[in-house]
């Protein structure tokens with residue numbers, strides 16, 4: 001039994017190395033340079049399962065309000081499935097509709113801006129699905145370069161991004177992927193909504209060698225909480241979009257007594273606003289196992305992992321921008 005386990009482990013490690021070699025298009029030096037502080041005014045696309053709960057709406061509004069820090073070029077609807085959507089296709093469609101509602105409330109022109117994404121998760125054969133989102137992402141990425149990368153900020157199942165890389169691996173040298181997904185590397189499991197929906201897509205990203213920034217959920221971003229009294233004080237009555245955000249926040253939970261809510265997705269936006277608000281470190285890229293854990297190998301390439309959230313600075317910036325919108 002021990003010999004069989006050893007053989008299976010060696011086969012898995014060998015296949016991981018082959019996959020990484022097939023994807024990787026840049027050197028470690030280039031990758032680390034692309035993981036340095038983003039330049040002001042960088043181009044960004046936002047991949048979001050907007051109807052999944054309520055933090056995506058806050059994140060999309062924050063991205064639209066932060067035009068002094070980066071250029072938001074496109075928004076992609078990501079698939080999801082839970083009690084709000086029985087399958088990933090419906091989740092993506094509902095997310096797309098929610099994106100349009102947000103854009104309408106903020107008077108943002110949607111022409112060529114919002115795009116529908118994947119209708120299903122990746123399977124073991126890693127056959128990619130083409131969509132409006134993948135086509136647009138690839139087109140934009142090919143216009144960029146390692147010196148001027150496109151930042152792909154994803155806050156849902158990372159299916160759209162993985163599909164785009166599988167369809168055109170060449171884009172890995174022109175993009176930086178920022179993903180809110182998975183748990184902290186010290187956490188005993190990886191049972192987190194975004195990652196659990198599409199573990200194969202997560203491993204495509206982790207194997208691809210693409211410059212990658214991870215915002216882990218439990219153990220890191222779980223610090224980013226707020227309450228109804230705080231939301232009412234800073235959002236109520238300022239404009240249509242602030243009132244909408246307050247409504248969906250309060251409607252999310254019936255009992256507000258001693259209740260707080262993590263607005264997970266907002267944190268990923270701050271990577272292009274002020275990276276000091278979410279301190280990070282370089283670590284070796286893990287893989288996700290079939291047992292919902294991370295597998296670590298210090299021979300793998302480096303990624304950037306956020307380890308702390310400066311909660312007050314982010315909310316102060318968000319409230320200030322929203323009140324003056």
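General remarks:
- Which numbered condition residue 218 fails, given (1) surrounded by fewer than 24 Cβ atoms within 10 Å (Cβ to Cβ); (2) assigned to a helix (DSSP H, G or I); (3) without any contact (Cβ under 8 Å) to a residue 40 or more places away in the chain: (2)
- Residues that are closer than 19 Å to residue 222 by Cβ, modelled with pLDDT of 95 or more and not in a strand (DSSP E or B) are absent from the range 299-306.
- Some residue of the range 81-92 being surrounded by fewer than 24 Cβ atoms within 10 Å (Cβ to Cβ), free of Cβ contacts under 8 Å to residues at least 60 places away in the same chain, under 18 Å from the mean Cα position of the chain (by Cα) and assigned to a strand (DSSP E or B): no
- Residues (touching a strand residue (DSSP E or B) at 6+ places or on another chain (Cβ under 7 Å) and surrounded by fewer than 20 Cβ atoms within 10 Å (Cβ to Cβ)) located in the range 93-115: 94, 100, 103, 113
- Looking only at the range 260-283, and only at residues there that are in a helix (DSSP H, G or I) and more than 15 Å from the chain's Cα centre (by Cα), the one that is nearest to residue 74 (Cα to Cα): 275
- Looking only at the range 104-115, residues that are in contact (Cβ under 8 Å) with a residue 12 or more places away in the chain and in a helix (DSSP H, G or I) come to 1 in all.
- Evaluation of residue 170 against (1) in contact (Cβ under 8 Å) with a residue 60 or more places away in the chain; (2) over 19 Å from the mean Cα position of the chain (by Cα); (3) assigned to a loop (DSSP other than H, G, I, E, B) (one fails), failing number: (3)
- Taking every residue in the range 119-144 that is on the phi > 0 side of the Ramachandran plot and pairing it with any residue that is surrounded by fewer than 17 Cβ atoms within 10 Å (Cβ to Cβ) and in a loop (DSSP other than H, G, I, E, B), at least 6 positions away or on another chain, yields no pair with a Cβ-Cβ distance below 7 Å.
- Only one of the numbered conditions (1) in a helix (DSSP H, G or I); (2) without any contact (Cβ under 8 Å) to a residue 24 or more places away in the chain; (3) in contact with a helix residue (DSSP H, G or I) (Cβ under 8 Å, 6 or more places away or on another chain) is not met by residue 229, and that is (3).
- Consider the range 232-256 and keep the residues that are free of Cβ contacts under 8 Å to residues at least 24 places away in the same chain and in a helix (DSSP H, G or I). The one that is farthest from residue 277 (Cα to Cα) is 251.
- Residue that is surrounded by the most Cβ atoms within 10 Å (Cβ to Cβ) [pool: residues in the range 288-323 that are within 21 Å of residue 27 (Cβ to Cβ) and touching a helix residue (DSSP H, G or I) at 6+ places or on another chain (Cβ under 8 Å)]: 303
- Residues of the range 181-194 that turn out to be in contact with a helix residue (DSSP H, G or I) (Cβ under 6 Å, 6 or more places away or on another chain) and surrounded by fewer than 23 Cβ atoms within 10 Å (Cβ to Cβ), as a count: 0
- Candidates 130, 118, 145 - the one that is touching a helix residue (DSSP H, G or I) at 6+ places or on another chain (Cβ under 9 Å), part of a loop (DSSP other than H, G, I, E, B) and under 21 Å from residue 268 (Cβ atoms): 118
The values are calculated or read from the model by the stated rules, or taken from the named source; none is laboratory data. Note that the coordinates shown come from a computational prediction; the quantities given were computed from them, not determined experimentally. We place every Cβ from the backbone using ideal geometry, glycine too, and count neighbours over all the protein chains shown.
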